[in-house]
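Coordinate-derived values only; no laboratory data. Since this is a predicted model, take the numbers as computed values, not measurements. Virtual Cβ from ideal backbone geometry, glycine too; neighbours counted across all protein chains shown.
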Amino acid sequence: MAWQPKIVAFLCNWCSYAGADLAGVSRMQYPPNVRVIRIPCSGRMNPKFILSALKNGADGILISGCHPGDRHYLSGNYFARRKFALFRSLLDYMGIEDGRVHFSWVSAAEGERFAEVISEVTEAVRAIGPSRRLNKKVI
Amino acid sequence: MMKEMVIDKKDIAGLLTELTGEMTVIAPVRKGDNLLFGPVSDGSEAALDSVNTRLAPKDALFPQCEKMMTFTTDRQAEDAHTMQDVSEPDKQVIFGVRPCDAAGFLILDKVFNQGGAEYEDTYYLRRREKTTVVGLGCNKPLSTCFCASFGGSPFGTDGLDILLTDVGDKYVVTVLTDKGEARLKGKSGPSEADPTSIEKAGQIKESAVKSVKAGIATDKIKGKATMELFDDPCWDTLYETCMNCGVCTYSCPTCHCFDIQDEAIDTEGVRMRNWDSCMFSLFTRHGSGHNPRPTKKDRFRQRFLHKFKYFQDNFDTVACVGCGRCIRLCPVNIDVRQVVEEMNR
Amino acid sequence: MNHRDTENTEKIKKIAGRLLAEKRVDAVIGFRPGTVSLISAPTVARTEEEAAGLHWDRFCGVNLANYLPKREDKIAIVAKGCDSRSIVGLVAENQIKRENLYIIGIPCTGMIDRAKVISLAESPEVELTENGEEVTIKADGKQSTVALSDILQDNCQGCLHRNPAVFDELVGKKVEEAGGSDINAAVAKVEAMSQDERWNHFDQMFSTCIRCYACRNACPLCYCEQCFADDSQPQWCGKSTNPVDVKIFHIFRAYHCAGRCTDCGACVRACPVGINVRELTGKLEKEVRELFGCEAGMSLEAIPPLGVYLEKDPQEFIK
């Protein structure tokens, strides 16, 4: 069986997860490779989750939250934005390939956009191949 | 049964390469700015021209991480839910061990091989009996060396199967045990020793022994009552600048504490044993959450009492060989010699 | 024989003696001459007699702020630029009360890296003498002369804040702020590599890590009662030297110090196998400086960079 990328998506409850729900309810098609983990807010996101996912064999990771200016907990995504910028930069610096870890803002009304983002992420991960660098299953 | 031979320095690499054909050869190697013990695939990788390695060679007998058993929870597998032993370790020779580190092995033996009904560590013993220890005497002991404080010497033979003495362009090879002799059997390098080399070796040894500083006395410690030492006010100030970083325990030839953990990913798991350190706050934390050594002072005191008091009471020897690594590597210059001087007042 | 800075040594002794005599503080944390060459040892002086044993030279690299978290007593502490910024960080994070501290600030023109000296001398038994901009190193019967700047710690060479950011009393006069070299040098070297090269570089660098946690324990900002590395439910990184676990530990420890690290070099100094941890922590320190315009620990009033946000924070990487 050909390799299928395993994508783990951390979606904030109020926007991105709702957007994913909308995509589903609207019968929009998107690659089935994604496994969703719901978090209350993108501010809850912890780099430990990203490293843990990579360690356990995830090939790609998506973190998605509310658009800045449009968030349930007022400022969670603003704080998250800074954390994401630093962590992403650190991972790139370590040599984790471009295309492994993705970030997006998707609102509750953007079902179609959610499907697009998932397709984009899946193709990006497919292009760079299975994750080996921080994957404890292979090392 | 002592036998003296010689080997030209330029033939050492060849000897080591020959040995790699029979067993794992572990020798000091350069890794960046570090001199560390590690396996060599070719004799030329060994670096025998320097002072002692950063870390002790205890890793060769008592690895930093050791797999003890493996298991799978995959119901399809035949051996599901059954612990499987790991494969036997290979035969090995540890080359270039300083006499202090070899004496350290003997102290580890006391812990891991208590015989009979007492504790016998299979993992350690399996490796130990397959290991030959080839020593290298210290022509120029450092100011931080104090092996003489514990009956050691820069050319001591305790714990060694062979001892090499650097006499310039050659090594004098003193074969000490049958195991040592077996390693050299049929090897092209060593030849019978000449009287000049033997005499030179004797002079080098004499001068090296003279240069080792006395270091410390531990005679009064054994006589003191445990609680008297434990409650001594010296601990109130000695511990203060320690950072509990653990470098002393990790570089020490005789520190032997470990932690056993099971790690699993999906259905595949392994039981591992990793080095642990009494300097870490979690070291004595109980499952209940209670920690009998909650403060830095408790942990600092523990290390020195263990090495110089409890070990002496239990095994009739101090658990220190005077290698001086903790003195050289401690980032805040905590000097074991000063601490023991306080304990021995 | 350590290089001695007698002028500052005498000043520190006087200040410490006075503070203890006036009972302004319960103890003074400073340095005393080491028992081996190339290092001065941290020490705690509680009496005027002990204060007379204090010392200052170019081997006082240890960040004394490491001894502050959770202290309740009134304490004076000798602090270089980087140390003072760590102290600010600790105060901001409620690990020590400002009113319990008397900061004896000392402008610093760089600490000597003993690993570099030992490497040059090929022996740890070194006699070092400073002659202005040059240093003579004697070991094993051999002698050589090198530029002082060549043997300073890496973080000192590129230091941007040689004067203490916060102090109650200053020892001597302020010095020129910047060390002169590029603070980003170590990081720039790695950034210049390709992604694959960087991975191989770090793979190689961390291959000697023995998980001793000296880097963590030497860092003044790593004061958590239970480190994430010791969590078992869940276990974020295993405890062995498995390369994945080793990297996860270092990536995450570096990230924990983001916006807080003052580049004091304690981690590098403590590492028994000489891993240049700064190459990782330095990257985050650089990003925080360049992306958010923040430098850790410069003022007691400033909120740490990850505790604030701006509307226009960079987000071009977010879809």
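Here the contact order of chain C, divided by its residue count and restricted to Cα pairs under 8 Å and six or more residues apart, works out to 16 percent. Specify the inter-centroid distance of the range B:4-65 and the range C:253-270, based on alpha-carbon positions, in whole Å. Here the two parts' Cα centres lie 34 Å apart.
Dipole orientation for the range C:16-109: of the candidates C:30, C:63, C:75, C:63 has the Cα lying most toward the positive pole (charges on Cβ; Lys, Arg +1; Asp, Glu -1). Exposure proxy ranking for B:111, B:336, based on other Cβ atoms within 10 angstrom of each Cβ and starting from the fewest, stands as B:111, B:336.
Based on Cα contacts under 8 Å between residues 6+ apart, the range C:96-244 shows a relative contact order of 21 percent. Quick check on the range B:219-343: take the gyration tensor over C-alpha atoms, sort the square-rooted eigenvalues as a ≥ b ≥ c, and tell me if it's rounded (a/c under 1.5), prolate or oblate. Since a/c reaches 1.5 and a/b is larger than b/c, the shape of the range B:219-343 is classed as prolate.
Counting other Cβ atoms within 10 Å as a rough exposure proxy, the listed residues C:245, B:101, C:150 run C:150, C:245, B:101 from fewest neighbours to most. Look at the stretch C:203-213: the mean tally of other chain Cβ atoms within 10 Å of its residues' Cβ atoms is 5. Using a Gaussian network model of chain B whose springs link C-alpha atoms within less than 10 Å, name the residue from B:201, B:319, B:217 with the highest mean-square fluctuation. The residue with the greatest mean-square fluctuation here is B:217. Comparing A:51, A:22, A:90 in a Gaussian network model of chain A where C-alpha atoms under 10 Å apart are linked, the largest mean-square fluctuation is found at A:90.
Note: relative contact order over chain A, using C-alpha pairs below 8 Å and six or more positions apart, is 38 percent. Among the GluC sites (Glu not before Pro) found in the range B:55-163, those both in a DSSP coil and sparsely packed, with 11 or fewer other Cβ atoms within 10 Å of their Cβ, are B:78, B:118. Applying a 4.7 Å cutoff between beta carbons, the unpaired cysteines of chain A are A:12, A:41. The DSSP beta bridges internal to the protein assembly as shown are antiparallel in roughly 60% of cases. Loop-located GluC sites (Glu not before Pro) across the range C:39-101 with a Cβ neighbour count of 10 or fewer within 10 Å are C:72, with loop assigned by DSSP. Applying a length cut-off of 15 Å (Cα extent along the axis) and a mean Kyte-Doolittle floor of -1.0 to the DSSP H helices of chain B leaves B:9-20, B:99-112, B:195-211. In a DSSP loop and with at most 14 other Cβ atoms within 10 Å, the GluC sites (Glu not before Pro) in the range C:139-186 are C:176, C:177. Per-residue mean of foreign Cβ neighbours for A:97-106 is 2 (Cβ atoms of other chains, 10 Å radius). Cβ under 14 Å from residue C:209's Cβ, residue C:209 left aside: what net charge do those residues give with Lys, Arg +1 and Asp, Glu -1? Summing Lys and Arg as +1 and Asp and Glu as -1 gives +3. Based on the alpha-carbon gyration tensor of chain B and its eigenvalue square roots a ≥ b ≥ c, which shape applies: rounded if a/c is under 1.5, prolate if not and a/b is larger than b/c, or oblate? Note, shape of chain B comes out oblate. Could you give the distance between the Cα centres of the range B:289-345 and the range C:305-319, to the whole Å? About 49 Å separates the Cα centre of the range B:289-345 from the one of the range C:305-319.
By other beta-carbon atoms within 10 Å, ranking B:83, C:111 with the fewest at the front produces B:83, C:111.
Out of C:65, C:270, C:192, any idea which swings most in a Gaussian network model of chain C, alpha carbons joined below 10 Å? In this elastic network of chain C, the residue with the biggest mean-square fluctuation among C:65, C:270, C:192 is C:192.
Cβ screening of chain C for cysteine pairs under 4.7 Å finds these without a partner: C:60, C:108, C:156, C:159, C:209, C:212, C:224, C:227, C:237, C:271, C:294. The distance separating the Cα centre of the range A:51-125 from that of the range C:82-148 comes to 42 Å. Taking a Cβ cut-off of under 10 Å around residue B:52, the surrounding Lys, Arg, Asp and Glu residues balance to a net charge of +3, with basic ones at +1 and acidic ones at -1.
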